[in-house]
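The values are calculated or read from the model by the stated rules, or taken from the named source; none is laboratory data. Note that the coordinates shown come from a computational prediction; the quantities given were computed from them, not determined experimentally. With ideal geometry, Cβ positions are generated from the backbone for all residues, glycine too; neighbour counts draw on all protein chains shown.
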């Protein structure tokens with residue numbers, strides 16, 4: 001069964017610094033992978049997704065993620081953090097084991113951005 | 001094109017009462033998914049429905065919880081005899097009949113508080 005592990009429940013960076021949020025996945029088939037962002041008391045917004053095309057995926061708000069099959073990783077990065085990036089970030093993988101598909105989410109990483 | 005709509009956005013119930021959560025998928029979408037997010041946790045899959053069919057309910061608690069997606073009208077997640085542990089945010093997502101690359105579109109969620 002597919003699963004996702006996010007390393008670090010909380011990450012704190014200074015404004016302008018590199019953002020790196022780590023995600024490792026487990027999948028028996030080539031996966032579809034996603035990063036979502038959730039602002040307080042809101043729903044989930046899709047940041048980017050990997051669907052077996054280019055291994056470096058660019059998303060919204062300056063975020064990107066690189067699929068590394070050898071490391072089973074899909075880490076999310078942004079070169080320069082902005083205060084507005086403070087939110088909860090979820091890595092996810094799609095699971096087709098039950099005749100349809102569902103999304104399996106990691107536990108989330110809360111990003112804090114310091115002025 | 002309106003996004004996924006959920007109502008109510010906030011719901012307060014006393015222990016033992018029933019909670020009904022509604023989800024209207026995006027126009028043209030015939031697949032609906034329900035997820036639950038407990039405080040400080042990621043989203044957990046509950047159930048996947050197509051019109052008039054439950055495809056995968058592997059994440060649904062065995063008792064008190066039920067879901068439907070009738071031919072006409074919104075999808076309903078019903079929780080009978082609510083308990084304090086049911087307090088959570090419940091998110092609905094939808095996808096088109098042939099979901100492209102497993103993309104789901106999420107609603108803003110219903111936050112259930114059980115007193």
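Observations, loosely collected:
- For segment A:81-102, the condition holds for no residue, the condition being that it is more than 29 Å from residue B:88 (Cα to Cα), within 14 Å of chain B (Cβ to nearest Cβ) and either without any contact (Cβ under 8 Å) to a residue 24 or more places away in the chain or crowded, with 20+ Cβ neighbours inside 10 Å (or both).
- Yes/no for residue A:94 being closer than 28 Å to residue B:53 by Cα, touching a helix residue (DSSP H, G or I) at 6+ places or on another chain (Cβ under 9 Å) and either assigned to a strand (DSSP E or B) or at pLDDT below 95 (or both): yes
- Scanning segment A:33-43 for residues that are within 19 Å of residue A:22 (Cβ to Cβ) and at the interface with another protein chain (Cβ under 10 Å from one of its Cβ atoms) yields A:33, A:34, A:36, A:38.
- From A:12, A:28, residue being within 27 Å of residue B:57 (Cα to Cα), surrounded by fewer than 19 Cβ atoms within 10 Å (Cβ to Cβ) and away from chain B (no Cβ under 14 Å): A:28
- Residues being at pLDDT below 95, crowded, with 21+ Cβ neighbours inside 10 Å and over 13 Å from the mean Cα position of the chain (by Cα) - total across segment B:61-97: 1
- The one condition in (1) more than 24 Å from residue B:36 (Cβ to Cβ); (2) within 14 Å of chain B (Cβ to nearest Cβ) that residue A:70 fails to fulfil: (2)
- No other residue among A:47, A:20 is modelled with pLDDT of 90 or more, under 17 Å from residue A:112 (Cα atoms), under 11 Å from the mean Cα position of the chain (by Cα) and more than 9 Å from chain B (Cβ to nearest Cβ) apart from A:20.
- Within segment B:18-45, the only residue that satisfies the criterion of being more than 9 Å from chain A (Cβ to nearest Cβ), surrounded by 14 or more Cβ atoms within 10 Å (Cβ to Cβ) and more than 21 Å from residue B:72 (Cα to Cα) is B:36.
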